[in-house]
Amino acid sequence: MAKYTGPVCRLCRREGAKLYLKGDRCYSDKCAFTQRGFAPGQHGAGQTRKKVSEYGIQLREKQKTRRIYGVLERQFRNYFEKAERQKGITGENLLIMLERRLDNVVYRMGLAESRIQARQLVRHGLFTVNGRRVNIPSFLVKAGDVVAVREGSKESPIMKKIAESLGHKQAPAWIELTAADMSGKVMRYPTREEIDIPVQEHLIVELYSR
C-alpha cells in the first residue's frame, strides 16, 4: 500500500493549518508552520493563495482530515461509506470511527508523541487489545476494550521514555488511563465535542454527496 514519505510539515503548510503531525514539536517555536505559514512552493510562490472554489474547499477539508489521521484515500472512502450506513449524523459518525482506530487511541492515551509514532509502534507489535497482541493500526476498538503496552515492550528505550511523562498527561474523558500499568480502557465512544481536530466534517459529506 502506498504512503506519503515526504516531510510532514509540508502537509500542514499545504492545508493552511496545523495538523499536529509531529507531536510536541508542533506546539513549539520550531514548528515549520509557525515559521512559514504559507503554502509550499519555489521562490515564495506559495505565499499567495488563489481564490478557492466550493469544491476546492470541500476537497481540502477531506485531505486535511485524511492527513491528520494518516489514512489513504480508498480507506477513507470506506470509512465514509460505513459512517453513511450508520444511524446518526454521517460526518460525526466518520470522525468517531477515525477516533476508534488503534493508532489514534494509543496517541490519545499519551503512549505516543504523535499519531505517526503511534502507527509505527502498533505495527511493531508493542500493544495488546484485551490481552491479545494487535499490530494493525486501523484496528477499530470497541467500548470496553483495554489497550495496553505488552509486558515485554515496557522495557524498550522508547517506551521507558514515554512512561516518564505519562503521569503528566491527561487522556480524554472517554478513555480511562492507568498510567502505572501503561494501559487504558475505552469506556465509551467520544462525542463530537470531545474530538478536538480543526475540521468541518459537513464539508466532507457535501463532497462525497456530489
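The values are calculated or read from the model by the stated rules, or taken from the named source; none is laboratory data. What you see is a predicted model; the values in this text were computed from it and never measured. Positions of Cβ are generated from backbone atoms using ideal geometry, with glycine treated the same way; all protein chains shown enter the neighbour counts. Heads up: the accessible areas ignore ligands, DNA and RNA and are worked out on the full protein's heavy atoms, side chains in. Shrake-Rupley method; radii C 1.70, N 1.55, O 1.52, S 1.80 Å.
Distance cut-off 18 Å, Cα to Cα: go down the list LYS62/LYS82; LYS18/LYS64; LYS82/LYS142; LYS64/LYS169; LYS18/LYS185 and report the pairs above it. Among LYS62/LYS82; LYS18/LYS64; LYS82/LYS142; LYS64/LYS169; LYS18/LYS185, the Cα-Cα distance tops 18 Å for LYS64/LYS169; LYS18/LYS185.
Accessible surface area normalised per residue over the range 157-198 is 61 Å², counting heavy atoms of protein chains with a 1.4 Å rolling probe. Using a cutoff of 8 angstrom between alpha carbon atoms and counting only pairs six or more residues apart, the relative contact order for the range 47-175 works out to 19 percent.
Given a cut-off of under 8 Å on Cα pairs at least six residues apart, what relative contact order in percent is computed for the range 130-190?
Values: 60 pairs, mean separation 25.4, N = 61.
Reported relative contact order: 42 percent.
The label point for VAL134 and the one for GLU155, both projected 7 Å from the Cα toward the Cβ, are 2.7 nm apart. Taking a sphere under 10 Å around the Cβ of VAL129 and counting the other residues whose Cβ falls inside, with K and R at +1 and D and E at -1, yields a net charge of +2.
Each residue of the range 75-81 is assigned a 3J(HN,Hα), and the resulting list reads 5, 5, 5, 4, 4, 4, 5 Hz, derived from the Karplus form 6.51 cos²θ - 1.76 cosθ + 1.60 (θ = phi - 60°), x at Gly and Pro.
Taking a quarter of the surface of the Cα convex hull of the range 97-210 gives a mean projected area of 7.5 nm². For the range 51-151, the share of accessible area belonging to carbon and sulfur comes to 47 percent (1.4 Å probe, ligands and nucleic acids excluded).
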